[in-house]
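Worksheet: the structure to be examined is printed underneath.
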Ligand SMILES: Nc1ncnc2c1ncn2[C@@H]1O[C@H](COP(=O)(O)OP(=O)(O)OP(=O)(O)O)[C@@H](O)[C@H]1O
Ligand SMILES: [Mg+2]
């Protein structure tokens, strides 16, 4: 393990500058994120660990443009996102970011195929092109024979693979996963992790929030959050 005093490479994907995310509850201010500085380069594999309530999901939601800082700046791929209008943010999120959640967040009434097709439809891609993109990806994810199944007809591992398919359909640069194996047994969890790591090796920047120490230790860069702050940021030795 080597402690990182400063980023080893120049950060070229993510730059958080003094980011706060405060929630006001009555007269109490919850500092979910407190003056967070973070630089991430293209292609990194990062795990985020830390106690419950330490701000891991809040950090991921901000990185994923699902939430906005109360203060500070977030630069993603050279663009300052803090001042983007809602529509522009949504479009930017669609093209740059894939998000995978613990509870899959699939649309229950839509088949596996339709769930994966959704981002392509939103992006206005033609039916022919959609079909051409979905088929090989389903095969790769090992769910081609489940294409017409509804989420409830799939196992947890299969659901998560559909969710990963949906997340990477638009070929985002950044893949964010919040407890992606949290609802899975060890075997399907391991499959999901291997899939995420394979995507990382192909170039996608991967950030995984996890309570699972074994899983967290697999990442090259390991961040530990405590009370809304980055308490530790280390590079694992090879
Ligand atoms: N919408 C909200 N309103 C008020 N407080 C919030 C809100 N979202 C999060 N918080 C608070 O912010 C803090 C950080 O929450 P967050 O969900 O980021 O934690 P976490 O590290 O992901 O925890 P866990 O491991 O349990 O998922 C917590 O104290 C939480 O109660
Ligand atoms: Mg969380």
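Below, the figures for the structure above:
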{"read-out": "Extension reserve of the residue 66-residue 144 stretch, reckoned as 0.36 nm per residue once the Cα distance is removed", "value": "25.1 nm"}
{"read-out": "Label-point separation, residue 105 to residue 35 (7 Å along Cα→Cβ), nm", "value": "3.1"}
{"read-out": "Contour excess over end-to-end distance, with Cα ends at residue 77 and residue 125 and 0.36 nm allotted per residue", "value": "14.9 nm"}
{"read-out": "Interatomic Cα distance distribution for the range 43-167, bins of 10 angstrom, percent", "value": "11, 36, 33, 18, 2"}
{"read-out": "Taking the range 55-156 and dividing mean pair separation by its residue count, relative contact order in percent (alpha carbons under 8 Å, at least six apart)", "value": "23"}
{"read-out": "Between 0 and 90°, nearest 10: helix 156-168 axis offset from the chain longest Cα axis", "value": "80"}
{"read-out": "Label point distance in nm, residue 12-residue 183, each placed 7 Å from Cα along Cα→Cβ", "value": "3.7"}
{"read-out": "Mean residue ellipticity (222 nm) of the chain, computed from DSSP H runs ≥ 4 via -39,500 (n - 2.57), nearest 500", "value": "-10500 deg cm²/dmol"}
{"read-out": "Neighbour-count ranking [beta-carbon atoms within 10 angstrom, fewest first] of 178, 86", "value": "86, 178"}
{"read-out": "Using alpha-carbon coordinates, inclination of helix 112-122 to the longest axis of the chain, degrees", "value": "60"}
{"read-out": "Relative contact order [Cα under 8 Å, 6+ residues apart], the chain, whole percent", "value": "30"}
{"read-out": "P(r) tail fraction, the chain - alpha-carbon pairs more than 30 Å apart, %", "value": "25"}
{"read-out": "Helix 186-201 axis, angle to the chain major axis (alpha carbon atoms, nearest 10°)", "value": "80"}
{"read-out": "Per-residue Cβ neighbour rank within 10 angstrom, fewest leading, 37, 77", "value": "37, 77"}
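We did not get these values from a lab; they are worked out from the coordinates using the rules stated. All of these numbers come straight from a predicted model, not from anything done at the bench. In this analysis, Cβ positions are derived from the backbone assuming ideal geometry, glycine residues included, and neighbour counts consider all displayed protein chains.
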